[in-house]
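Visitor: Pasting in a structure now, in structure tokens, and then I'll have a few things to ask.
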Amino acid sequence: MKIWSFLLTLGLLVSSARAQLAVRADTVYTMAGAPIENGVVLVRDGKIEQVGPAQTVRIPEGYRVLEAVVVTPGLIDAHSVVGLAGILNYDHDQDQLDTSDPIQPELRAIDAYNARERLVEWVRNFGVTTLHTGHGPGAVISGQTMLVKTRGETVEEALVDSVATVAATLGPMVERYFRSPGTRAKAVAMLRAELLKAQAYRRKLRASDPARRPEPDLGMETLVRVLDGEIPLMITAQQVPEIMAALRLQREFGFRLILDGAAEAYLVLDEIKQAGVPVILHPTMVRPRGETVNATLETAARLHEAGIPFAFQSGFESYVPKTRVVLFEAAMAVANGLPRTAALEALTIQAARILGIADRVGSLEPGKDADLVLFDGDPFEYTTHVCGVIIEGEPVHETCR
Amino acid sequence: MRVHLTLLIALIPLALYGQEQPLVFRGARLYPISQPPIERGVLVVQHGKIVAVGPEGEVTIPAQATVYDVTGKVIMPGLVDTHSHIGRVEGGDRSAPMHPAVRTLDAIDVRHSSVQRARAGGITTVNVMSGSGHLLSGQTVYLKLRKGNTIEDLLYCKDPLTEVCGGLKMANGTNPQGDPPFPGTRAKAAALVRQQFLKAVAYRRKIEQAKGDPEKMPERDLDMEALLEVLDGRRIVHFHTHRHDDILTVLRLKREFGFRVVLHHVSEAWKVADEIAAAGVPCSIIILDAPGGKLEAAEIRMENGAVLEKAGVDVAIHTDDLITDSRWFLRSAALAVRAGMSPEKALEALTLAGARMLDLADRIGSLESGKDADFIILSGDPFSIYTHVEQTWVEGQKVFDRADPEDRKYAVGGAGVFEDGDTFVHEAH
């Protein structure tokens with residue numbers, strides 16, 4: 001009898017990593033409707049089972065109960081290089097940019113992601129459960145990006161989507177890494193030429209005579225998927241000339257465009273709005289230098305007022321600190337005019353929509369991945385702590401920091 | 001009649017000073033730093049100095065005073081940034097790893113937008129220094145962020161030819177390493193520094209032996225003169241150091257030559273906090289959103305402030321602008337509190353502790369009568385994300401006002417607001 005109860009306890013402990021959970025909080029931001037005061041989120045087998053007010057949600061027996069002041073869906077860093085750009089910043093741990101060629105759409109993010117990179121854990125401990133990461137800005141086409149959860153010991157365990165976007169960059173940043181393009185106009189010409197080549201490649205692929213079909217080409221195959229609208233082209237464009245060039249390219253080739261960075265977006269809101277293009281905004285606290293010299297703390301608020309969908313990113317950091325934390329970047333936007341609900345949306349459901357994963361993450365709704373962040377106060381306050389992070393039902397972080 | 005005339009003449013400079021009339025700020029929550037917060041306080045300033053600080057009802061409001069009702073606001077001393085690279089500062093060049101003679105005050109643009117950016121962040125005193133790509137990159141300069149046109153308008157000292165106007169910037173670890181004449185290893189770096197200081201000790205001996213006889217005095221040597229000020233304790237060494245063993249190397253050098261030193265950045269302070277405390281050396285730390293960017297900063301912790309506080313070390317916080325932006329200097333302290341530092345010590349780390357590390361605590365760092373009228377008006381709790389710096393005052397003059405659109409743009413940014421070329425080289429950190 002004693003031994004049975006011991007074994008039963010042991011069994012409960014062993015399964016506790018993926019135990020059924022009930023998370024109770026003073027405020028639950030579901031991001032699917034109004035926040036729930038005194039709410040409960042039930043988690044079963046890694047998925048959200050039920051969400052509602054404590055009075056109406058019955059916590060089944062055996063569920064482990066966690067308490068928090070505020071609960072939100074897991075945060076989404078909508079553009080990062082974490083996992084490819086390592087903490088040390090030495091050549092051997094910097095895999096976000098290969099400078100042998102300014103156009104390399106064939107480079108896959110999954111072949112360069114270090115799931116055990118310390119910065120993955122760092123951002124996770126501040127609530128980031130989904131990372132859009134991969135090849136960084138700096139080349140006309142630097143490579144592919146992907147979507148991962150901030151868990152797992154291998155990229156396979158972390159993976160959500162192996163090809164999220166193809167990453168392109170326009171503007172002076174590219175000129176720092178390459179002899180050519182050496183001007184803004186040259187970069188646009190190179191990108192147009194490459195997309196024209198891909199159009200020709202696609203035509204040949206469809207040739208009825210197999211002998212006339214082209215040799216396999218990894219880069220061309222990737223760009224054909226971009227032309228077909230299967231994969232968005234994410235163009236990092238900070239200043240107005242680059243932003244307008246990106247919109248012009250989109251009109252010419254009809255791909256799905258995500259504007260990235262967009263430091264001067266506030267100067268061309270109508271144009272962006274008209275193009276129906278979403279924005280993954282530069283970190284709010286980006287340094288005012290180089291192509292972001294005209295950045296403002298209020299751009300997120302301006303995008304929101306204009307009704308342009310946007311998300312927050314940690315971006316690329318070339319030095320110290322080696323990454324940013326989207327929670328902090330969103331907080332600074334809230335302090336500068338962005339309504340808090342809009343900020344939470346940009347960190348969760350809006351980011352999920354822009355990245356095409358809203359069916360799995362971004363809100364607390366039955367059937368979605370059980371990715372949750374537990375806070376001991378207002379998520380945006382400096383002195384509030386992240387006291388729990390849950391990814392697919394598994395608590396991956398349980399101390400307050 | 002003659003007495004009156006004398007009085008009148010004496011008053012003229014004060015009138016030119018622009019703040020003859022007493023100014024009274026009443027109703028705000030005051031953080032004097034030197035004493036506990038005052039819920040509904042009164043701050044009286046005149047002639048650029050603080051005249052009175054205290055709870056409402058206990059402070060006499062002078063007649064003819066201009067009274068500002070700042071109920072609901074927070075007033076604290078102007079922030080002291082012990083480590084910054086604003087003003088497009090430059091130090092020594094690549095010709096040598098040590099440049100004691102180089103004065104940063106000869107190469108600072110006080111009209112650069114970064115200086116107004118610092119005022120927008122509530123910073124009133126700043127230790128501007130050159131980068132850490134040298135073992136000794138030059139003399140730092142302590143600036144008061146008065147509205148001014150030239151570096152002379154902002155100096156603390158009156159005459160750079162006769163006074164010490166700042167500290168000395170030194171660095172160890174990987175940043176100063178390079179091809180000769182730069183050191184290739186840590187041991188080589190320490191040897192070069194020791195050799196340089198031994199030279200200064202010998203120079204001092206020659207001066208002592210001359211006993212004032214001009215014939216026997218050594219030739220003037222600008223490098224040696226600056227190091228003499230260090231050996232005499234009149235010029236403080238501001239030492240960039242990250243790794244725990246590099247920190248201990250600084251303490252070893254300090255013991256050998258007896259100079260006064262502030263440890264800067266101190267990423268791995270949490271590993272050697274007791275050793276730092278035992279040496280009685282203060283720390284000026286940086287708070288970063290994440291570790292890394294280089295090996296030395298890979299183990300930096302937000303808990304550094306809390307750990308050092310517990311060990312009994314005097315702690316200041318700095319921006320290292322543009323590593324962190326002067327506009328959110330308060331944020332650094334808030335993050336230190338998030339990681340366990342006491343709110344009291346975190347506020348002190350932004351003000352009085354920094355003043356001590358610049359030898360300026362007799363003039364600034366707290367709201368006390370007799371001190372310079374350097375203070376900031378905040379919209380709320382200093383540690384809240386929702387709080388803005390509304391006004392920055394230096395010596396009784398308003399130098400930043402968020403309500404003024406011309407000033408506000410330096411707080412939020414925008415097209416054409418900031419000039420590029422803020423110092424941000426890899427050596428800067």
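The values are calculated or read from the model by the stated rules, or taken from the named source; none is laboratory data. None of these values were measured; they are calculated from a predicted model. So basically every Cβ, Gly included, is an ideal-geometry build from the backbone, and we count neighbours across all protein chains shown.
Visitor: Quick one: would you say residue A:151 is within 14 Å of another protein chain (Cβ to nearest Cβ), buried (at least 18 other Cβ atoms within 10 Å of the Cβ) and basic (Lys, Arg)? Before the answer, list the steps.
Guide: Working: within 14 Å of another protein chain (Cβ to nearest Cβ): no; buried (at least 18 other Cβ atoms within 10 Å of the Cβ): yes; basic (Lys, Arg): yes.
Considered against the rule, which asks whether it is within 14 Å of another protein chain (Cβ to nearest Cβ), buried (at least 18 other Cβ atoms within 10 Å of the Cβ) and basic (Lys, Arg), residue A:151 comes out as no.
Visitor: As an exercise: evaluate residue A:288 against (1) free of Cβ contacts under 8 Å to residues at least 24 places away in the same chain; (2) in contact with a Gly (Cβ under 6 Å, 6 or more places away or on another chain); (3) closer than 25 Å to residue A:128 by Cα and give the number of the one condition it does not meet.
Guide: Against the list (1) free of Cβ contacts under 8 Å to residues at least 24 places away in the same chain; (2) in contact with a Gly (Cβ under 6 Å, 6 or more places away or on another chain); (3) closer than 25 Å to residue A:128 by Cα, residue A:288 comes up short only on (3).
Visitor: Here is a check on your reading of the model: is residue A:145 surrounded by 24 or more Cβ atoms within 10 Å (Cβ to Cβ) and not aromatic (Phe, Trp, Tyr)? Break it down into steps so the answer makes sense when it comes.
Guide: Working: surrounded by 24 or more Cβ atoms within 10 Å (Cβ to Cβ): yes; not aromatic (Phe, Trp, Tyr): yes.
Judged against the criteria, residue A:145 is a match.
Visitor: Taking segment A:183-199 only, how many residues are surrounded by fewer than 16 Cβ atoms within 10 Å (Cβ to Cβ) and touching a strand residue (DSSP E or B) at 6+ places or on another chain (Cβ under 8 Å)?
Guide: Selection size over segment A:183-199: 0.
Visitor: Within segment A:247-303, count every residue that is out of contact with any strand residue (DSSP E or B) (no Cβ under 9 Å at 6 or more places or on another chain), facing another protein chain (nearest Cβ under 9 Å) and not in a loop (DSSP other than H, G, I, E, B).
Guide: 2
Condition check ((1) of a type in the set (Ser, Thr, Tyr); (2) part of a helix (DSSP H, G or I)) across all residues:
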residue	(1), (2)
B:267	yes, no
B:284	yes, no
B:296	no, yes
B:299	no, no
B:309	no, yes
B:331	no, yes
B:334	no, yes
B:353	no, yes
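Visitor: Scan segment A:78-92 residue by residue and report those that are without any contact (Cβ under 8 Å) to a residue 24 or more places away in the chain and at the interface with chain B (Cβ under 10 Å from one of its Cβ atoms).
Guide: Residues of segment A:78-92 without any contact (Cβ under 8 Å) to a residue 24 or more places away in the chain: A:88, A:90-92.
The answer is A:88, A:90.
Visitor: Also: Given the options A:321, A:309, A:339, name the one that is more than 14 Å from every other protein chain (Cβ to nearest Cβ) and surrounded by fewer than 24 Cβ atoms within 10 Å (Cβ to Cβ). If you could, list the steps in order and put the result at the bottom.
Guide: Details: A:321 fails: more than 14 Å from every other protein chain (Cβ to nearest Cβ); A:339 fails: more than 14 Å from every other protein chain (Cβ to nearest Cβ).
Only one candidate qualifies: A:309.
Visitor: In segment B:372-382, is there at least one residue being on the phi < 0 side of the Ramachandran plot, free of Cβ contacts under 8 Å to residues at least 60 places away in the same chain and more than 14 Å from chain A (Cβ to nearest Cβ)?
Guide: No, because not a single residue in segment B:372-382 is on the phi < 0 side of the Ramachandran plot, free of Cβ contacts under 8 Å to residues at least 60 places away in the same chain and more than 14 Å from chain A (Cβ to nearest Cβ).
Visitor: Given the criteria out of contact with any strand residue (DSSP E or B) (no Cβ under 6 Å at 6 or more places or on another chain), farther than 14 Å from residue B:136 by Cβ, touching a residue at least 12 places away in the same chain (Cβ under 8 Å) and in the same structural domain as residue B:334 (by TED's automatic domain parsing), does residue B:194 qualify? Give the derivation first.
Guide: Numbers: out of contact with any strand residue (DSSP E or B) (no Cβ under 6 Å at 6 or more places or on another chain): yes; farther than 14 Å from residue B:136 by Cβ: no; touching a residue at least 12 places away in the same chain (Cβ under 8 Å): yes; in the same structural domain as residue B:334 (by TED's automatic domain parsing): yes.
No: the conditions fail for residue B:194.
Visitor: Looking at segment B:314-356, which of the residues that are of a type in the set (Asp, Glu) and either surrounded by fewer than 24 Cβ atoms within 10 Å (Cβ to Cβ) or away from every other protein chain (no Cβ under 14 Å) (or both) is nearest to residue B:280 (Cα to Cα)? Before the answer, list the steps.
Guide: Our first condition is that a residue be of a type in the set (Asp, Glu); within segment B:314-356, this holds for B:314, B:320-321, B:325, B:344, B:348.
Subset that is either surrounded by fewer than 24 Cβ atoms within 10 Å (Cβ to Cβ) or away from every other protein chain (no Cβ under 14 Å) (or both): B:314, B:325, B:344, B:348.
On the way: B:314: 8, B:325: 29, B:344: 21, B:348: 18 Å.
Selected residue: B:314.
Visitor: Check segment B:254-277 and report whether any residue there is small (Gly, Ala, Ser), away from chain A (no Cβ under 14 Å) and surrounded by 18 or more Cβ atoms within 10 Å (Cβ to Cβ). Show your work before the answer.
Guide: Filtering segment B:254-277 down to residues small (Gly, Ala, Ser) leaves B:258, B:267, B:269, B:273, B:277.
Applying the additional criterion that residues be away from chain A (no Cβ under 14 Å) yields B:258, B:269, B:273, B:277.
Then drop every residue that is not surrounded by 18 or more Cβ atoms within 10 Å (Cβ to Cβ), which leaves B:269, B:273.
Within segment B:254-277, one or more residues are small (Gly, Ala, Ser), away from chain A (no Cβ under 14 Å) and surrounded by 18 or more Cβ atoms within 10 Å (Cβ to Cβ).
Visitor: Of the conditions (1) within 27 Å of residue B:396 (Cα to Cα); (2) among the hydrophobic types (A, V, I, L, M, F, W, C); (3) outside any helix (DSSP H, G or I), residue B:115 satisfies every one except a single condition; which number is it?
Guide: The single condition residue B:115 does not satisfy is (3).
Visitor: Turning to a different aspect of this structure: Looking at segment B:145-250, what helices (runs of 4 or more DSSP H) fall wholly within it and have at least 3 residues that are among the basic types (Lys, Arg)?
Guide: Counting at least 3 such residues, we get B:186-210.
Visitor: Counting only residues that are in a loop (DSSP other than H, G, I, E, B), away from chain B (no Cβ under 14 Å), over 16 Å from residue A:316 (Cβ atoms) and within 16 Å of the chain's Cα centre (by Cα), how many does segment A:98-141 have?
Guide: So the count comes out to 1.
Visitor: Right, something else. Look at segment A:355-380 and say how many of its residues are crowded, with 20+ Cβ neighbours inside 10 Å and within 14 Å of another protein chain (Cβ to nearest Cβ).
Guide: 3
Visitor: Another question, if that's okay. Could you list, in sequence order, all residues of segment B:389-429 that are at the interface with chain A (Cβ under 9 Å from one of its Cβ atoms), at pLDDT 95 or above and on the phi > 0 side of the Ramachandran plot?
Guide: B:413, B:414, B:416, listed by residue number.
Visitor: For a quick check of your reading: which strands (runs of 3 or more DSSP E) sit entirely within segment B:10-109 and have at least 1 residues that are within 30 Å of residue B:176 (Cβ to Cβ) and of a type in the set (S, T, N, Q)?
Guide: On the way: elements: B:23-30, B:38-46, B:49-55, B:66-69, B:74-77, B:79-84.
Where strands (runs of 3 or more DSSP E) fall fully within segment B:10-109 and carry at least 1 residues being within 30 Å of residue B:176 (Cβ to Cβ) and of a type in the set (S, T, N, Q), they are B:79-84.
Visitor: Would you confirm, using the coordinates I've provided, whether residue A:359 is without any contact (Cβ under 8 Å) to a residue 60 or more places away in the chain, outside the structural domain of residue A:308 (by TED's automatic domain parsing) and within 30 Å of residue A:162 (Cα to Cα)?
Guide: The answer is yes for residue A:359.
Visitor: Can you confirm whether residue A:279 is within 30 Å of residue B:113 (Cα to Cα), β-branched (Val, Ile, Thr), out of contact with any His (no Cβ under 8 Å at 6 or more places or on another chain) and buried (at least 23 other Cβ atoms within 10 Å of the Cβ)?
Guide: The answer is yes for residue A:279.
Visitor: Based on what the data block shows, is residue B:359 more than 15 Å from residue A:383 (Cβ to Cβ), under 17 Å from the mean Cα position of the chain (by Cα) and surrounded by fewer than 24 Cβ atoms within 10 Å (Cβ to Cβ)? Give the derivation first.
Guide: On the way: more than 15 Å from residue A:383 (Cβ to Cβ): yes; under 17 Å from the mean Cα position of the chain (by Cα): yes; surrounded by fewer than 24 Cβ atoms within 10 Å (Cβ to Cβ): yes.
It is true that residue B:359 is more than 15 Å from residue A:383 (Cβ to Cβ), under 17 Å from the mean Cα position of the chain (by Cα) and surrounded by fewer than 24 Cβ atoms within 10 Å (Cβ to Cβ).
Visitor: How many residues are of a type in the set (Ser, Thr, Tyr) and touching a helix residue (DSSP H, G or I) at 6+ places or on another chain (Cβ under 8 Å) if we restrict to segment B:329-377?
Guide: Going through segment B:329-377, the residues of a type in the set (Ser, Thr, Tyr) turn out to be B:332, B:342, B:351, B:366, B:369.
Now restrict to residues that are touching a helix residue (DSSP H, G or I) at 6+ places or on another chain (Cβ under 8 Å): B:342, B:366.
Of the residues in segment B:329-377, 2 are of a type in the set (Ser, Thr, Tyr) and touching a helix residue (DSSP H, G or I) at 6+ places or on another chain (Cβ under 8 Å).
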